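The values are calculated or read from the model by the stated rules, or taken from the named source; none is laboratory data. A quick note: this is a predicted structure, and the numbers were derived from the prediction, not measured. Don't worry about glycine lacking a Cβ; one is built from the backbone with ideal geometry, like all the others, and counts go over all protein chains shown. What goes into the accessible areas is simple: the full protein's heavy atoms, side chains included, and nothing from ligands, DNA or RNA. Shrake-Rupley method; radii C 1.70, N 1.55, O 1.52, S 1.80 Å.
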Amino acid sequence: MGCKEEPKRTNYIINGTAKGVYNGVRVHLNSIDEKGKDRLVKTQMIVNEQFTFEGEMQTPSLYNITVNSIPGKLPFMLENSEIDININKGRILSSEITGSKSQKKFETYKTGLNNIEKEILPVRTAMRNARLQKNTAKQDSILKRLEVLNNKKTQYTLDFIDSNKDNFFSLFIIGEELKKPNLDIEKYMEAFNNLSSTVQTSRDGVAAKLRLEKLYRAYTKTTSLEIGKVAPNFEAPNADGEMVALNDLKGKVTIIDFWAAWCGPCRRENPNVVKIYNEYHSKGLEIIGVSLDGSRGQKDPKKAWLDAVKKDKLTWPQVSYLQYFNDPVAQLYNINSIPATYVLDKDGKIAAKNLRGYALRLKVEELLQK
């Protein structure tokens, strides 16, 4: 006789007990989408204080159970295994769940996270009181404490993932973190890349990787446009179809001016830009205008663009792909509205963004004097 490895289970069964709940009361099994909203998967009726759910899972994921006669919901990690759930009629969150390995990790993680939240809660209360008292010095001190605790929370999460590289719950945690603003995308990219190949190549793993890569591209795009960074080079066609490159203007203080003939605020700002150019061009100022003409409402975008250049007396280099906000240069510079400007120093580094009027003049004067 030889020993055989137990075959991997390919389905789940939930054996539910609901003491004190009447026959016919409905129990719902719900998945949770990326926005945190419930999606009904199955419904069963309680019979003799019992209910059962059966099905298959691709990978373990967070679900919840709701009972019509009981307020609240019971979140739990559903995976292909036999899971016993003992519903607590008085407080559904106190229900007992056994049989799911991912659930054990879920409960361990929640406990650690809740302990840190207990540390954070009184500090947040102190911050609210300091704000009501308008005590700036106290707010600064509390803010530093909050930062330490928030970093502790993030590090706890990252350490937990690192300690559970082959558990699908770690993948779930990464997915939840991706929903949060101000995510340290580099750290979570690293955490994902350290997961086991089984977890990474699963259906949910591939989906998480695509989301991470998308966020990482957006992150690198944003960081490349921060003050002090060298402005990304670009090439774009002028009215004659000749390519003009930003790098052609190296060594000069340069304004990249995003505008369009259809943009009222841009056209109202143009006379001020013209004055600045006429006054400082001989002293080393260059401007390159990037037109975002090409909207659906324009019958002849190129004509509208060139007519506006002539009427507003814009004598500096002008370029445009005539693709509205899909313009490759606008995409490169993350332009979502116009007018928009980037002011570059003589080394091609971004010195300021979105300045107008007198503020733009002062910045140009300052950079030319350096």
Could you look through region 59-80, keep only residues that are of a type in the set (G, A, S) and touching a helix residue (DSSP H, G or I) at 6+ places or on another chain (Cβ under 9 Å), and pick out the one that is most open to solvent (accessible area, probe 1.4 Å)?
G72
Counting only residues that are closer than 11 Å to D257 by Cβ and not hydrophobic (A, V, I, L, M, F, W, C), how many does region 337-353 have?
3
Please verify whether L285 is under 36 Å from the mean Cα position of the chain (by Cα), in contact (Cβ under 8 Å) with a residue 24 or more places away in the chain, closer than 16 Å to L344 by Cα and open to solvent by less than 50 Å² (accessible area, probe 1.4 Å), treating the condition exactly as stated.
no
Selection within region 213-267 - free of Cβ contacts under 8 Å to residues at least 12 places away in the same chain, loosely packed, with under 12 Cβ neighbours inside 10 Å and part of a loop (DSSP other than H, G, I, E, B)
D240, G241, E242
Considering every residue within region 329-351, establish whether at least one is part of a loop (DSSP other than H, G, I, E, B) and aromatic (F, W, Y).
yes
Would you pick out the residues in region 319-328 that are open to solvent by 20 Å² or more (accessible area, probe 1.4 Å), on the phi < 0 side of the Ramachandran plot and either in contact with a Cys (Cβ under 7 Å, 6 or more places away or on another chain) or outside any loop (DSSP other than H, G, I, E, B) (or both)?
F325, N326, P328
Consider only pairs whose beta carbons are under 7 Å apart and that are at least six residues apart or on different chains; among these, list those whose first residue lies in region 109-129 and is farther than 30 Å from L171 by Cα and assigned to a helix (DSSP H, G or I) and whose second residue is modelled with pLDDT under 95 and open to solvent by 50 Å² or more (accessible area, probe 1.4 Å).
V123/R145
Would you confirm whether or not region 272-282 contains a residue that is open to solvent by less than 50 Å² (accessible area, probe 1.4 Å) and out of contact with any strand residue (DSSP E or B) (no Cβ under 9 Å at 6 or more places or on another chain)?
yes
Go through region 39-58 residue by residue and tally those that are of a type in the set (S, T, N, Q), surrounded by 13 or more Cβ atoms within 10 Å (Cβ to Cβ) and in contact (Cβ under 8 Å) with a residue 40 or more places away in the chain.
0
When the residues of region 189-212 are narrowed to those that are open to solvent by 80 Å² or more (accessible area, probe 1.4 Å) and either over 16 Å from T59 (Cα atoms) or not small (G, A, S) (or both), which ends up modelled with the lowest pLDDT?
R203
Which of the following residues is in contact (Cβ under 8 Å) with a residue 12 or more places away in the chain and in contact with a Ser or Thr (Cβ under 8 Å, 6 or more places away or on another chain): S69, S102, S61?
S61
Please determine whether any residue of region 294-310 is closer than 27 Å to T222 by Cβ and either at pLDDT below 95 or crowded, with 19+ Cβ neighbours inside 10 Å (or both).
yes
The number of residues in region 162-174 that are over 16 Å from E79 (Cα atoms), open to solvent by 10 Å² or more (accessible area, probe 1.4 Å) and assigned to a helix (DSSP H, G or I) is 2
When region 129-160 is examined, which residues are found to be open to solvent by less than 40 Å² (accessible area, probe 1.4 Å) and more than 20 Å from the chain's Cα centre (by Cα)?
A130, I142, L146, L149, F160
